[in-house]
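Shown next, in structure tokens, is the structure this report addresses.
The values are calculated or read from the model by the stated rules, or taken from the named source; none is laboratory data. Please read all numbers here as calculations on a predicted model, not as lab measurements. Neighbour counts are summed over all protein chains in view; Cβ atoms, including those assigned to glycine, are modelled from backbone coordinates with ideal geometry. We work out accessible area using only protein heavy atoms, side chains counted, and drop any ligands, DNA or RNA first. Shrake-Rupley method; radii C 1.70, N 1.55, O 1.52, S 1.80 Å.
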Amino acid sequence: MYSKEDKRLQTKDLKLARVTQNRKRLELEVKDDNNTNTKYIVTVHTWNELGDVVKVAFCFTYKSISYALEAEGGKVKLDKIEEAGIGHSSPADKYLFQWVDSGRGQWRGLRSVADPKKHLCINGQNKFILSSNSDEFRLT
């Protein structure tokens, strides 16, 4: 079953995910800002598969163009939606993540479906990276 909804991706320290441009390259970062500005909205695509497997894809908009969060080769980047092919059918694994239950209620980790199956984390510069460690997130 497929569903799609607009949310905000929030870290445990209440920072929100957003797209920024740095030297002609788009990056995903977190910012300590709790206003309801649309720059913090993420479209969450969810596929519930057999055996209770849930996969999600995250799509962000920057300057009227939609980008999918991509995890490939151990790195995080943003890819235009047209190239990602995200819609009702499940896209390539590099655009998919699975929630990892941390046992802390609404706060959960996110692990890439694509190999090497690393966790989504925030580095010291507030940028998204893939790591063997796990940060916790929630959708608000």
**Request:** Run SER112 past the list (1) crowded, with 19+ Cβ neighbours inside 10 Å; (2) in contact with a Pro (Cβ under 6 Å, 6 or more places away or on another chain); (3) among the small types (Gly, Ala, Ser) and report the number of the one that doesn't hold.
**Result:** (2)
**Asked** Out of (1) modelled with pLDDT under 90; (2) under 14 Å from the mean Cα position of the chain (by Cα); (3) within 24 Å of LYS24 (Cα to Cα), what's the single condition that is false for SER134?
**Response** (3)
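Working only within region 5-24, note down all residues that are in a strand (DSSP E or B) and either open to solvent by less than 70 Å² (accessible area, probe 1.4 Å) or closer than 12 Å to ASP135 by Cα (or both). Steps first, please.
So in region 5-24, the residues in a strand (DSSP E or B) come out as 5-11, 16-22.
If the condition is that a residue be in a strand (DSSP E or B) and either open to solvent by less than 70 Å² (accessible area, probe 1.4 Å) or closer than 12 Å to ASP135 by Cα (or both), then LYS7, ARG8, LEU9, GLN10, THR11, LEU16, ALA17, ARG18, VAL19, THR20, ASN22 are the ones that fit.
Out of all the residues in region 32-58, which are in contact with a helix residue (DSSP H, G or I) (Cβ under 8 Å, 6 or more places away or on another chain) and at pLDDT 85 or above?
Looking only at region 32-58, we keep the residues that are in contact with a helix residue (DSSP H, G or I) (Cβ under 8 Å, 6 or more places away or on another chain), and these are 33, 57.
ALA57, the sole residue that qualifies.
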**Prompt:** (1) within 13 Å of the chain's Cα centre (by Cα); (2) open to solvent by 40 Å² or more (accessible area, probe 1.4 Å); (3) closer than 22 Å to LYS117 by Cα: which one isn't true of GLY73, the others all being true?
**Reply:** (1)
**Item:** Residue check, ALA92 within 22 Å of ASP6 (Cα to Cα) and touching a Pro at 6+ places or on another chain (Cβ under 8 Å)
**Value:** no
**Fill in**
Residue pairs qualifying under the 6 Å Cβ cut-off, at least six apart or on distinct chains, with the first in region 4-21 being within 26 Å of SER89 (Cα to Cα) and touching a residue at least 60 places away in the same chain (Cβ under 8 Å) and the second being open to solvent by less than 40 Å² (accessible area, probe 1.4 Å) and not in a strand (DSSP E or B), are ARG8/TYR40
